[in-house]
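The values are calculated or read from the model by the stated rules, or taken from the named source; none is laboratory data. Given the structure is predicted, the values throughout are model-derived calculations rather than measurements. We place every Cβ from the backbone using ideal geometry, glycine too, and count neighbours over all the protein chains shown. Note: areas computed on protein heavy atoms with side chains; ligands, DNA, RNA excluded. Shrake-Rupley method; radii C 1.70, N 1.55, O 1.52, S 1.80 Å.
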Amino acid sequence: MSEVFANAHPDLMRELFARFPSGVAAICIESDGEPDGFAVSSFAAGISLEPPIVLFSAMKESRTWGRLRQHDRIGVSILGVEQSLVCRRLAAREGDRFRDVRIETGEHGALFIAEAPVHFECSVHAEIEAGDHVLVLLQVHRGRFHADGSPLLYHLSKFHRLLAA
């Protein structure tokens, strides 16, 4: 078993964190008729039921989050097993993130990735500084899901499918 200390190089810490599988979410809005957003693997649902709250983290220096946080409603799409290419596009730092990505516009400017198994329409509830990131608590105003949808998983820097044990 490898041991990693808190003062380790960030790449080694990233490798340690990669040992925990996570789902992948797209955080998106529509602004002036244009899509904007990014992908995160630091998403958690069910933080609170009263009110319903979900959570993700964004880098403090993220220009994208700086733009998105100013909107009344934000779309969160939990990406499905067939959407790894969509995830890679939305995670890119350069280029057209939404090229060939099918989107759906919700009310109030929230934007969703078409065919994602879960959609949440949210507003910012709170932000908490956490090291080089900010934890973003989003209040869920409405959501929808496909009963047979399966999420895309990210583990050890690769995409995976969820399989029953």
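Listed values, structure above:
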quantity	calculated
Distance histogram for segment 77-125 (every C-alpha pair counted, 5 angstrom bins, percent rounded to whole numbers)	5, 20, 28, 24, 17, 6, 0
Global form of segment 121-165, assessed from the alpha-carbon gyration tensor, a/c cut-off 1.5	oblate
Kirkwood estimate for the chain, i.e. one over the average of 1/r between Cα atoms, Å	16.4
Lys, Arg +1 and Asp, Glu -1 on Cβ, resulting dipole of segment 93-153 about Cα centre, debye, nearest 20	140
Accessible carbon and sulfur surface of segment 1-146 relative to its total accessible area, %, 1.4 Å	51
Reciprocal of mean inverse Cα separation for segment 20-107 (Kirkwood radius, Å)	13.8
Dipole magnitude (debye, nearest 20) for the chain, charges at Cβ of Lys, Arg, Asp, Glu	320
Per-residue [θ]222 nm for the chain (sum of -39500 (n - 2.57) over DSSP H runs n ≥ 4, rounded to 500)	-3500 deg cm²/dmol
Surface per residue (accessible, 1.4 Å probe) for the chain, Å²	62
Per-pair calculated FRET efficiency, R0 = 25 Å: Leu49 and Glu127 via Cβ, rounded to 0.05	0.75
